[in-house]
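**Student:** One structure coming up, written as structure tokens, with questions to follow.
The values are calculated or read from the model by the stated rules, or taken from the named source; none is laboratory data. Computed from a predicted structure; not experimentally measured. When we count neighbours, we look across all protein chains shown, and the Cβ atoms used for this are built from the backbone with ideal geometry, even at glycine.
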Amino acid sequence: MARARPRGAAVSKRIVVNAGPIETRVAVQEGNLLTDLYLERHRHRSIVGSVYKGTVTNVLPGMQAAFVDIGLAKDAFLYAGDYTASRGVEAAPVALPADEAEDVADAEVDEAEPPRREAVAPIEQMLSRGQEVLVQVSKESLGTKGARATSFISLPGRYLVYMPQSQHVGVSRRIRDDRERDRLRAALRSLDLPPGGFILRTNAEGKGEAEFAADVEFLSRLWAQIQARYAQATSPSVLHEEADLTFRVVRDLFSPEVDEFVVDSAEVHTKCLEYVRALVPALEDRVKLYSERAPVFDHYGIEKDIEKALRRRVWLKSGGYIVIDHTEALVSIDVNTGKYVGKRDFEQTVLKINMEAVGEVVRQIRLRDLGGIIIIDFIDMEVLEHREQVYKALTRALAEDKARTNVLEISELGLVEMTRKRVRQDLRALLSVTCPTCRGNGVTKSNETLAAEVYRVIQAKLAAESEPARHEVIARVHPDLAVYFEGEGREELARLEAALDVKVIVQPVDKQEHREDYDIRLR
């Protein structure tokens with residue numbers, strides 16, 4: 001049995017799998033620093049990449065979209081541009097632009113979201129209510145929105161992505177050597193390929209016809225099975241489920257650059273070895289069963305990094321810090337000097353903190369799986385050269401991110417606007433729920449504010465009485481507010497009683513009640 005290396009051992013890249021009764025977590029470390037985290041709950045597996053036979057429930061000409069029942073709690077959303085020109089499985093082949101096609105391969109397989117295409121016809125001419133369609137989930141259900149679906153199917157293998165509706169043969173943009181790109185295309189085209197298009201993934205670099213032929217055979221057989229199931233299945237039905245997290249990790253992440261692949265469960269370790277022997281047998285000796293007493297994520301310092309990823313504030317080594325805030329529209333990341341004041345040159349101090357922040361900002365974006373619109377507020381830089389330096393560092397760091405990003409240049413105010421493809425819930429949404437105390441606001445009303453509200457409610461209730469004035473008011477409030485009335489707020493309460501000629505009896509409720517809730521009754 002291979003043993004995992006000690007925690008302090010120098011490792012350029014490590015994959016750590018923690019398999020528990022509720023969830024499986026996979027961490028990727030580079031230089032003992034957590035860069036990516038993947039999580040799959042056993043009762044709520046990701047459906048991205050799964051293929052369904054569904055029924056159109058509604059067509060929206062104004063939005064050029066349709067809703068499709070695929071058997072989930074919410075109907076999937078299908079844009080006109082994500083639906084093939086013909087119906088069902090006999091979709092007309094389309095040619096993807098090279099950069100779009102390569103992006104499909106670049107992304108993690110559970111993030112392989114084809115970009116929205118221009119529709120060949122209005123959706124009302126292609127789809128009607130009750131029509132059965134073949135679709136693949138390209139984006140998880142997020143918040144109140146259902147899953148996003150596409151009929152442009154993409155089936156990933158170890159080295160290739162097969163797209164039956166495409167005529168394009170492309171190469172991942174992460175393979176930058178032109179000669180290697182040409183060699184890969186030639187090697188693939190030398191094979192007897194089925195109808196459709198293929199993308200050579202990053203893992204294909206250095207490989208040849210034998211590896212590609214095995215992928216082609218597997219993927220074409222899988223597509224034939226999906227088509228056969230579509231013909232026989234009733235709607236809604238699952239025709240193909242994307243593989244579990246451990247298989248996807250072996251298929252998509254385990255490469256020669258990974259020094260070790262550590263698993264803390266004997267059962268999952270055996271499964272991983274089976275996957276590795278089938279996909280990358282040369283790396284089998286790097287798969288190790290963790291046998292220490294301490295939990296594996298604690299042993300490698302991963303648990304602490306996950307806890308930090310749930311915090312609003314992240315400290316930098318220099319004493320500066322970044323603050324990450326979520327809103328409905330966007331995520332804002334603010335860079336601050338904090339404890340770091342530098343020595344003499346203020347501009348150099350600002351540059352140093354901003355440059356240090358770049359690495360941590362990108363790490364947190366990847367680790368937290370932030371998506372949509374992201375605004376980064378760097379400390380203001382007066383020197384244009386400094387702004388350009390920070391911008392270049394940011395784009396270089398983001399080049400290592402598998403998710404598709406678009407970054408605008410830094411403004412004079414130090415603001416960077418960027419977008420990052422969002423396919424699933426971010427880490428915060430996945431691991432947490434709305435705070436029952438602040439109800440998601442991040443703040444609660446102060447005791448003074450609540451006391452003033454209670455006084456106003458008492459006045460309003462007394463004014464609404466048609467009978468002679470009551471002389472007792474029962475105020476049932478949170479224990480914290482009850483303490484305020486007995487202490488700091490005692491004088492104000494006495495003045496209220498005198499002004500209204502009533503006796504206010506404050507009764508504390510159970511501490512588990514919300515602190516902003518209260519009940520005022522007259523008797």
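**Student:** Residues to consider are PHE198, PHE218, PHE152; find the one that is within 27 Å of THR84 (Cα to Cα), assigned to a strand (DSSP E or B) and in the same structural domain as PHE77 (by TED's automatic domain parsing).
**Tutor:** PHE198
**Student:** Go through region 233-295 and tell me which strands (runs of 3 or more DSSP E), entirely inside it, have 3 or more residues that are at pLDDT 95 or above and over 22 Å from LEU160 (Cβ atoms).
**Tutor:** 260-263, 287-289
**Student:** Looking only at residues in region 113-149 that are outside any strand (DSSP E or B), among the polar types (S, T, N, Q) and within 30 Å of HIS44 (Cβ to Cβ), which one is modelled with the lowest pLDDT?
**Tutor:** THR144
**Student:** Name the single residue that is surrounded by the most Cβ atoms within 10 Å (Cβ to Cβ) among those in region 221-262 being among the polar types (S, T, N, Q) and either within 30 Å of SER12 (Cβ to Cβ) or in contact with a strand residue (DSSP E or B) (Cβ under 7 Å, 6 or more places away or on another chain) (or both).
**Tutor:** The qualifying residue surrounded by the most Cβ atoms within 10 Å (Cβ to Cβ) is THR246.
**Student:** Taking the residues in region 429-453 that are in contact with a Gly (Cβ under 9 Å, 6 or more places away or on another chain) and within 30 Å of SER138 (Cβ to Cβ) as candidates, determine which candidate is surrounded by the most Cβ atoms within 10 Å (Cβ to Cβ).
**Tutor:** The selected residue is ALA429.
**Student:** Could you please give the count of residues in region 399-422 that are buried (at least 17 other Cβ atoms within 10 Å of the Cβ) and under 20 Å from VAL323 (Cβ atoms)?
**Tutor:** 5
**Student:** Across region 201-211, which residue is farthest from the chain's Cα centre (by Cα) among those that are in a loop (DSSP other than H, G, I, E, B), free of Cβ contacts under 8 Å to residues at least 40 places away in the same chain and farther than 16 Å from LYS402 by Cβ?
**Tutor:** For region 201-211, the residue satisfying everything is GLY208.
**Student:** OK, next. Out of (1) of a type in the set (D, E, K, R); (2) exposed (fewer than 15 other Cβ atoms within 10 Å of the Cβ); (3) in the same structural domain as THR395 (by TED's automatic domain parsing), what's the single condition that is false for ASP426?
**Tutor:** (2)
**Student:** Please tell me if ALA429 is farther than 16 Å from ILE324 by Cβ and either modelled with pLDDT under 90 or not in a strand (DSSP E or B) (or both).
**Tutor:** Criteria not met by ALA429.
**Student:** Just give me the residues in region 276-319 being closer than 19 Å to VAL249 by Cβ and polar (S, T, N, Q), in sequence order.
**Tutor:** Those that are closer than 19 Å to VAL249 by Cβ and polar (S, T, N, Q): none in region 276-319.
Table: residues versus (1) touching a helix residue (DSSP H, G or I) at 6+ places or on another chain (Cβ under 9 Å); (2) without any contact (Cβ under 8 Å) to a residue 24 or more places away in the chain; (3) closer than 28 Å to SER138 by Cα.
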| position | (1), (2), (3) |
| --- | --- |
| GLY372 | no, no, yes |
| LEU384 | no, yes, no |
| ASN406 | no, yes, yes |
| LEU415 | no, no, no |
| MET418 | yes, no, yes |
| LYS421 | yes, no, yes |
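**Student:** Got a number for residues in region 473-523 being modelled with pLDDT under 90 and either part of a strand (DSSP E or B) or hydroxyl-bearing (Ser, Thr, Tyr) (or both)?
**Tutor:** So the answer is 1.
Every residue, every condition in (1) part of a loop (DSSP other than H, G, I, E, B); (2) of a type in the set (Asp, Glu); (3) closer than 30 Å to HIS478 by Cα; (4) in the same structural domain as LYS352 (by TED's automatic domain parsing), yes or no:
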position	(1), (2), (3), (4)
ILE379	yes, no, no, yes
HIS386	no, no, no, yes
GLN389	no, no, no, yes
ALA393	no, no, no, yes
GLU400	yes, yes, no, yes
ILE410	yes, no, no, yes
MET418	no, no, no, yes
PRO436	yes, no, yes, no
ALA451	no, no, yes, no
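**Student:** Another question, then. Sort through GLN459, GLN425 and tell me the only one that's of a type in the set (S, T, N, Q) and free of Cβ contacts under 8 Å to residues at least 60 places away in the same chain.
**Tutor:** Matching residue, one of GLN459, GLN425: GLN459.
**Student:** Just a yes or no: is a residue in region 263-271 within 17 Å of ASP36 (Cβ to Cβ), of a type in the set (Asp, Glu) and surrounded by fewer than 18 Cβ atoms within 10 Å (Cβ to Cβ)?
**Tutor:** no
**Student:** Please find, within region 159-174, the residue that is surrounded by the fewest Cβ atoms within 10 Å (Cβ to Cβ) out of those that are within 25 Å of the chain's Cα centre (by Cα) and either within 15 Å of ALA213 (Cα to Cα) or hydrophobic (A, V, I, L, M, F, W, C) (or both).
**Tutor:** TYR162
**Student:** Check region 454-465 and report whether any residue there is closer than 30 Å to CYS435 by Cα and exposed (fewer than 13 other Cβ atoms within 10 Å of the Cβ).
**Tutor:** Yes, because at least one residue in region 454-465 is closer than 30 Å to CYS435 by Cα and exposed (fewer than 13 other Cβ atoms within 10 Å of the Cβ).
**Student:** Among the residues of region 283-323 satisfying the criterion of being of a type in the set (Lys, Arg) and farther than 23 Å from LEU370 by Cα, which is farthest from the chain's Cα centre (by Cα)?
**Tutor:** ARG293
To keep it simple, each residue is scored yes or no on (1) modelled with pLDDT of 90 or more; (2) closer than 28 Å to LEU367 by Cα; (3) assigned by TED's automatic domain parsing to the domain that holds SER255.
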residue	(1), (2), (3)
ARG5	no, yes, no
ASN18	yes, yes, yes
THR55	yes, no, no
ALA65	yes, no, no
ALA76	yes, yes, no
